[in-house]
Amino acid sequence: MADLFDLVRTQRTQLPIVPTPSTVAGGTYIVTGANTGLGFECAKHFISLGASRVIIAVRSVQKGDAALAIIRKETGRYDVGEVWELDLASLDSVEAFAKRLDTLDRVDALIENASLALVQFSLTEGMETSLMVNVASTMLLAIRALPKLRASAKMFKIQPHLVVVTSGTAFSQKGVLEGTEGNIFDALSAKGTTNIAERYPLTKLLQIYAVRQLASLFPVSDTNVVINAVNPGLCTTELARNAGFIFRLQLGLMKLLLGRTAEEGSRTLLHAAVAGVASHGKYVSDCRIKEDYIPEWIRDESGCLTQRRVWGDLVKTLETRGHTVDIPGHPANKV
Ligand SMILES: NC(=O)c1ccc[n+]([C@@H]2O[C@H](COP(=O)([O-])OP(=O)(O)OC[C@H]3O[C@@H](n4cnc5c(N)ncnc54)[C@H](OP(=O)(O)O)[C@@H]3O)[C@@H](O)[C@H]2O)c1
């Protein structure tokens, strides 16, 4: 676990840009939530490094077009970059996006960066909205994209990466899931028992469990696809745009003292997108694999039970809504 001294030190360390033009050339990269913040900077890096195709996946095509126009102007690459619609608040939108993704020749990396932090409780398709966006839709997209990533690996002799952007705030949620009864996604969608102020870090914990389980079901030896979870650290973005004034003030002060710029933070996403087989199923932070940052309560036997429970409940939740979790050609699609 990171202590305060370590946090200050790592936040202030200059991060490298790990992918190089030769790593990225010819590749196709998809970044969700790329109209702003870390996703925007990440997409810009891929374009400036010489990627053949960069897909800016956004819920507002208008915002995506505006972002792409800026990227093109700043990189001078006017022929690269595509804006594709993806609204993670709709499972059907995820399915439509995944179908489109399947038409690509290849995918070198899918960076699932989009998330939101809410302070008001709301339901989307019967699920608490941030749970839907950050976890259910994010993992449905991961599941749906896997066949294309595997096919890309085979056809182009590459090692595609599937990256979920998470957060170290997840580790503040010790014991919270163990206190829930029945299906976790149903329990966390009940307004009366939901502490919405603590929801964002909880969705990030669920992401970590789900990524670890997905990676264990699909080892690189079978798929040649690397799956990891990256923490970008504290960065100056609009993520807290929905929070109350006092919280934004406190966070703003912390960011002023310790925050990375969105560009600096995006370097952690770039690293995760090429981190290699050693990062499979692992927590990546500060452009390094930092599995030792995962607390013991996630890694121990009871943590593994919770991990399988999260995955089982996720699959059931998706299937209840008519989104089957069958991945062609792989028997281990269910737990
Ligand atoms: N900033 C930090 O300090 C920090 C720390 C740890 C982890 N992270 C993680 O880093 C990632 C990027 O966050 P950020 O800081 O760059 O935040 P941000 O500036 O708020 O960007 C979030 C992106 O997600 C998109 N998004 C939100 N809801 C969506 C939906 N329903 N469908 C599709 N896209 C949606 C947003 O689109 P709109 O512009 O249309 O809303 C935006 O493009 C997140 O996963 C976050 O949890 C950030």
**Asked** Any idea which of 276, 89, 203 is furthest toward the positive side of the dipole for the stretch 4-320, if Lys and Arg beta-carbons carry +1 and Asp and Glu beta-carbons -1?
**Response** 276
**Request:** Between the alpha-carbon centers of the stretch 170-208 and the stretch 51-130, tell me the distance in whole angstrom.
**Result:** 26
**Request:** Would you mind checking which residues have amide H under 5 Å from residue 52's amide H? H placed 1.01 Å from N; only 5 or more apart, or other chain.
**Result:** 26, 27
**Message:** Whole-Hz ³J(HN,Hα) for each residue in the stretch 221-236, computed from phi via Karplus 6.51 cos²θ - 1.76 cosθ + 1.60 with θ = phi - 60°, x for glycine and proline: what do you get?
**Reply:** 4, 8, 10, 6, 10, 9, 10, 9, 10, 10, 9, x, x, 6, 10, 7
**Request:** Using a Gaussian network model of the chain whose springs link C-alpha atoms within less than 10 Å, name the residue from 119, 274, 225 with the highest mean-square fluctuation.
**Result:** 119
**Asked** When the chain is modelled as a GNM with alpha-carbon springs shorter than 10 Å, which of 140, 91, 251 fluctuates the most?
**Response** 251
**Request:** Taking only the C-alpha atoms, wrap a convex hull around the stretch 189-335 and report its volume per residue in Å³ as a whole number.
**Result:** 152
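Which entries in 44/157; 191/255; 99/282; 99/148; 63/191 show an alpha-carbon gap greater than 20 Å?
Exceeds cut-off: 44/157; 191/255; 99/282; 63/191.
Loop by DSSP (not H, G, I, E, B), at most 11 other beta-carbon atoms within 10 Å: where is the longest site-free stretch of the chain for GluC sites (Glu not before Pro)?
Here the longest segment lacking exposed loop sites spans 1-180.
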**Fill in**
Within the set 320, 36, 180, GNM on the chain using Cα springs under 10 Å gives the largest fluctuation to 320
**Item:** Square roots of five times the Cα gyration tensor eigenvalues for the chain, Å
**Value:** 27, 24, 20
**Fill in**
Of the candidates 15, 192, 173, the farthest towards the positive dipole end of the stretch 4-320 (Lys/Arg Cβ +1, Asp/Glu Cβ -1, centred on the Cα centre) is 15
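All of the numbers you see were taken from the coordinates with simple rules; none came from a lab. All values derive from a computational prediction rather than experimental measurement. Here the Cβ is made from the backbone with ideal geometry for all residues, glycine too, and neighbour counts use every protein chain on show.
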